[in-house]
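Worksheet: the structure to be examined is printed underneath.
Laboratory data are not the source of any read-out in this text; all were calculated from the coordinates shown. For clarity, every value in this text was computed on a predicted model and none was experimentally measured. Note that each Cβ is placed from the backbone with ideal geometry, even for glycine, and that neighbours are counted across all protein chains shown.
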């Protein structure tokens with residue numbers, strides 16, 4: 001039986017349980033990216049074992065001297081034996097629902113070009129390519145309502 005659970009803490013031990021020895025599951029180890037710890041976590045458990053995760057954290061965007069509150073999605077990870085079964089969509093949709101509850105008008109994530117289609121199927125939209133290696137996607141009010149949310153001045 002597979003259960004979706006809000007997990008209060010998620011760290012190296014939980015990540016290792018999902019990875020189960022797999023190296024560079026997201027295909028980004030060579031990019032030099034640094035990930036921030038997330039404050040919220042949803043996981044899928046099957047027979048007591050962690051098999052999928054998505055996390056989020058509030059962030060502040062700053063563009064041209066203006067700032068805006070946002071929520072970043074990250075740490076999306078599915079055990080290799082369970083990929084292709086819709087579990088990634090399950091944890092991303094659950095995390096996105098919880099992100100919306102934080103009240104920020106902007107959701108943001110970074111992913112490789114190879115994963116853009118996956119997130120677009122879930123309602124995320126590419127803003128623009130920042131490099132050949134990864135792309136920025138956004139959700140909530142940033143796209144899909146015929147306007148871009150303007151950051152509020154401080």
Where does each of 23-31, 76-84, 113-121 land if you order them by average Cβ count within 10 Å, highest first? 76-84, 113-121, 23-31
State the three equivalent ellipsoid semi-axes of the range 1-47, derived from the C-alpha gyration tensor as the square roots of 5 times its eigenvalues, in descending order and whole Å. 22, 15, 9
Kirkwood hydrodynamic radius of the range 2-140 from all distinct Cα pairs, in Å? 15.5
At a threshold of 8 angstrom on Cα-Cα distance, excluding pairs fewer than six apart, so keeping six or more, what relative contact order does the range 2-140 reach in percent? 19
Segments 51-60, 7-16 sorted - mean Cβ within 10 Å per residue, highest first: 51-60, 7-16
